[in-house]
1. On C-alpha positions alone, give me the angle between the axis of helix 31-65 and the longest principal axis of the chain, in degrees, nearest 10.
2. Using alpha carbon centroids, what distance separates segment 1-26 and segment 55-91, in Å?
3. Could you point to the residue in Phe83, Gly43, Gly22 farthest towards the positive end of the chain's charge dipole, with +1 and -1 charges on the Cβ of Lys/Arg and Asp/Glu respectively?
4. Which option, [x] 1.49; [y] 1.16; [z] 2.32, is the value of Cα Rg over 2.2 N^0.38 Å that was calculated from these coordinates?
5. Loop only by DSSP, 12 or fewer other Cβ within 10 Å of the Cβ. Give me the chymotrypsin sites (Phe, Trp or Tyr not before Pro) in segment 1-31 that pass, ordered by residue number.
6. For segment 2-77, what is the relative contact order in percent, using Cα pairs closer than 8 Å and at least 6 residues apart in sequence?
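What follows is calculated from the coordinates using simple rules that are stated; it is not laboratory data. On a predicted model such as this, the values are computed, not experimentally measured, just so you know. Here the Cβ is made from the backbone with ideal geometry for all residues, glycine too, and neighbour counts use every protein chain on show.
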Amino acid sequence: MVYCQKCGKKNDDNADYCNKCGTFIRGEKSLEKRIEDAAEELGRKAEAFGKHVEKKAKEFAESMKKPKKCPKCKVNLNYNAKFCWKCGNKV
């Protein structure tokens, strides 16, 4: 079934014009096809996002393996520290 973009009326797949308002609808995708296309696009985006998260998780895990040290006073710092907690040096 094809839905008219103007009035929302459900029409046959082979209709050229909406049977309620007369709007040209040939070439419109059926609701099912539009949902299928949107689901495929969502799947592609979800897969890309998953790969991005996996990459960031690996980077984070690697950063946790090597302790961060202040270049000035050599104390251990949190992995996300921007300044040394002991001497105030920018890291």
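1. 0
2. When both Cα centres are located, 62 Å separates them.
3. So the residue we want is Phe83.
4. This structure yields the entry labelled [z].
5. Hits after loop and neighbour filter: nothing returned.
6. Details: 51 pairs, mean separation 12.1, N = 76.
Dividing the mean separation by the residue count of segment 2-77 yields 16 percent.
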